[in-house]
1. Suppose we filter ALA61, ALA28, ALA71 for residues that are open to solvent by less than 80 Å² (accessible area, probe 1.4 Å), within 20 Å of ALA126 (Cα to Cα) and touching an Asp or Glu at 6+ places or on another chain (Cβ under 8 Å); which single one remains?
2. Output the residues belonging to region 81-115 that are part of a loop (DSSP other than H, G, I, E, B), open to solvent by less than 40 Å² (accessible area, probe 1.4 Å) and within 22 Å of VAL7 (Cβ to Cβ).
Amino acid sequence: ARCCQDVLKRREKVEAAVAAALRRGDDAYVDRTNYDAAQRAHWIKIARRHGTLCVALRFAADPVVCSARCASRRRHEGGLDSRDPKQCQRVVSHLHGRFRAIGADEGFSRIVAVGDDDAADAAAIAALLADQEPAPRGSKRARAAAG
C-alpha cells in the first residue's frame, strides 16, 4: 500500500495508513520526505511494532536533477510540478539543505541508495520490491533487470 503524505497531508495520517496496511498483512510504502533521523524513526517504530522489516530508500540524486524531474511532472498530487518550476527548485533546495544522512545505527533493515542512473535505479527498486538484494551498479544483472 502506498502511503503518501502529499495525499494524506499529515504525517500522523500516513502513520495510521502504514499501520493499517501492516495489520492487513500488506507491504507499506511511505512516500514522504524524511530528511533526518527523528522523522525516519516513526517508520522504524511502526515496523518493529508489527514485526516487519523497515527498508530505507535513499534518493541520492543531485539536487539539480531532482529539481528538473520535479519541474517536468504534470499535475502532481502534491501540486509541485511543471506549473511552477521555480517552486520545485526552492522546495528541493530547502529539503536538500535539511537532509541528514541515514545512519547505519538508525535501525533500518537495509538502506538502498538510488541516484541519477534511471536504469540502475529502476533495477534497484524492482529488486527491493521483489525482496531481493539489488545488483551492484553497473553489473550485468542490473542492466538486464532494467531493460
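1. Numbers: ALA28 fails: touching an Asp or Glu at 6+ places or on another chain (Cβ under 8 Å); ALA71 fails: within 20 Å of ALA126 (Cα to Cα).
When all the criteria are applied, what remains is ALA61.
2. Scanning region 81-115 gives ASP81, SER82.
The values are calculated or read from the model by the stated rules, or taken from the named source; none is laboratory data. Small disclaimer: the values here were computed from a predicted structure and weren't measured. Neighbour counts run over all protein chains shown; Cβ positions are idealised from the backbone, glycine included. The area values use the complete protein model at the heavy-atom level, side chains included, leaving out ligands, DNA and RNA. Shrake-Rupley method; radii C 1.70, N 1.55, O 1.52, S 1.80 Å.
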